[in-house]
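The values are calculated or read from the model by the stated rules, or taken from the named source; none is laboratory data. What you see is a predicted model; the values in this text were computed from it and never measured. Cβ placement follows ideal geometry from the backbone for every residue including glycine, while neighbour counts extend to all protein chains displayed.
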Amino acid sequence: MHLTKEEERIYEGEYGWANQICMKILVRLGELFDATRLIPISSAHVSGISYKTLGDAPVEFLEALSAAAVKVNARATLNPQGFDMAYLSQRLDADLRRKQLNILKQFEKMGFTKSLTCTPYYIEEPSQDSHLAWAESSAVVYANSVLGAWTNREGGPSALAAAIIGKTPDYGMHKAENRQPQVSIMLDTQLQNETEFGALGNCLGKILEDKIPIIHGLKDFSREDLKQLGASLASTGMVNMFRLPRASMKTEKLEKITIENEDIRRSVESLSTASKSKPDLIFIGCPHCSLNEIKKVAHIIDGRKMKSRRELWICTSRFVREKARNYVQKIEESGAHVITDTCAVVTWTEKLGIKTIMTNSAKTAYYAPTLNKAETLLAPLKECLKTALEG
Ligand code: F3S
């Protein structure tokens, strides 16, 4: 890899061991994937913030980095942590709270923004063609496919190193030739709601592994539908991008795969594992809700109160919650909780006695059986809210 004089000095340790180790992580990664240089990034987004998923091992490294006083050199944001301070932190034991807050402190010392969301693009949308180093897989697919930004799917350490150095190795999704569609998907059914978009992602991820699909036949969709599609596509597969048809795209020679109504139905069915139809928790907001989604929830609730004793969580970022203040108030008057900084998957639902989770997110339904040891019910937003309100 070609390094500039300045990059070489960092690599040789002239700016201290912490910058050096970050540079070495990036160069090693670049060499592995035949990158020839580092390129500047406009933002980095680090995942693995929740103590539940991070564990103890990496914390010493984070403490050492922040003690060495390294600072980020690009806009740097963080994925959700294990709880929010307003609601869930009170229900978890002190040891978990202390360990989680220590992780957050280390990132803050390095200059990371306390965004604590998997939808950093709602806080500040990256511009088209900008280069990023993002580690949250749902955000990676959204950035590449919907926003037209360029990012690989980073791991936690490489996104952290990129944030500190302000650069990333130029390979993979940073190259135009690697962003071309490789498989043509013919959708032979009309998707009815966000859950079915997620179900499509779930079944495509399994078929495609890491190949970029061009998806023909999607109709009447919102950006939130595409968010659901991308989030679950990235859960079952290693796909970092999907394409939608454009007149200039030649796709006749690509391998073709047809997806039918039956595939979507089977996918939804496989993501509902619960033996009982009574969930303990109804969870909306994977990935974290947009302002529009919060509005929609408030609109559907429409002043009604929750009759059941189950929990309804609507997860979003602090930024969106603040913008949606009026809707949040209406939602919370129903007995639901609009929660920031975390989500059902990365908090300790087991410790809260939650055994069955109902959600409209195919991604949550995919992960909850392993990460939450919970049974799942996958259903569209309206049905989830009906269950929450009416029991
Ligand atoms: Fe975000 Fe949690 Fe889903 S981090 S993408 S809401 S699993």
*Of all strands (runs of 3 or more DSSP E) completely enclosed by the stretch 31-82, which ones contain at least 2 residues that are closer than 14 Å to Glu108 by Cα?*
43-46, 75-78
*Those residues that are surrounded by 14 or more Cβ atoms within 10 Å (Cβ to Cβ), small (Gly, Ala, Ser) and more than 22 Å from the chain's Cα centre (by Cα), I need them from the stretch 172-217; list them, please.*
Ser184, Gly217
*Which residues, taken from the stretch 258-302, are out of contact with any Pro (no Cβ under 7 Å at 6 or more places or on another chain) and polar (S, T, N, Q)?*
Thr258, Asn261, Ser267, Ser270, Ser272, Ser275, Ser277, Ser290, Asn292
*Does at least one position in the stretch 121-130 carry a residue that is assigned to a loop (DSSP other than H, G, I, E, B), on the phi > 0 side of the Ramachandran plot, among the acidic types (Asp, Glu) and at pLDDT 95 or above?*
yes
*Across the stretch 69-104, what is the number of residues that are away from the ligand (no atom under 16 Å from the Cβ) and within 25 Å of Ser138 (Cα to Cα)?*
7
*Could you tell me which numbered condition Ala74 fails, if it satisfies all but one of (1) touching a strand residue (DSSP E or B) at 6+ places or on another chain (Cβ under 7 Å); (2) at pLDDT below 95?*
(2)
*Please specify each residue of the stretch 269-291 satisfying the condition of being in contact with a strand residue (DSSP E or B) (Cβ under 6 Å, 6 or more places away or on another chain) and either of a type in the set (Lys, Arg) or away from the ligand (no atom under 16 Å from the Cβ) (or both).*
Ser272, Thr273, Ala274, Pro279, Asp280
_Of residues in the stretch 333-347 being without any contact (Cβ under 8 Å) to a residue 60 or more places away in the chain and out of contact with any strand residue (DSSP E or B) (no Cβ under 6 Å at 6 or more places or on another chain), the one farthest from the ligand (Cβ to nearest atom)_ = Glu333
*Scan the stretch 241-249 and give yes if some residue there is in contact (Cβ under 8 Å) with a residue 24 or more places away in the chain, more than 16 Å from the ligand (Cβ to nearest atom) and over 23 Å from Cys118 (Cβ atoms), otherwise no.*
yes
*Selection count, the stretch 354-391, where residues are surrounded by fewer than 24 Cβ atoms within 10 Å (Cβ to Cβ), of a type in the set (Gly, Ala, Ser) and more than 16 Å from Ser308 (Cα to Cα)*: 1
*Being away from the ligand (no atom under 16 Å from the Cβ) and surrounded by fewer than 19 Cβ atoms within 10 Å (Cβ to Cβ) is the filter here, so list the residues in the stretch 114-156 that pass it.*
Glu124, Glu125, Ser127, Gln128, Asp129, Ser130, Gly148
*Counting just the residues of the stretch 348-375 that are away from the ligand (no atom under 13 Å from the Cβ) and touching a Pro at 6+ places or on another chain (Cβ under 8 Å), which one comes out nearest to Arg97 (Cα to Cα)?*
Thr356
*Positions within the stretch 86-113 being of a type in the set (S, T, N, Q) and within 22 Å of the chain's Cα centre (by Cα), in sequence order*: Ser89, Gln100, Gln106, Thr113
*Does Ala161 satisfy being under 15 Å from Ser47 (Cβ atoms), outside any loop (DSSP other than H, G, I, E, B) and within 16 Å of the ligand (Cβ to nearest atom)?*
no
*Could you please give the count of residues in the stretch 83-97 that are under 22 Å from Arg321 (Cβ atoms), outside any loop (DSSP other than H, G, I, E, B) and touching a residue at least 60 places away in the same chain (Cβ under 8 Å)?*
1
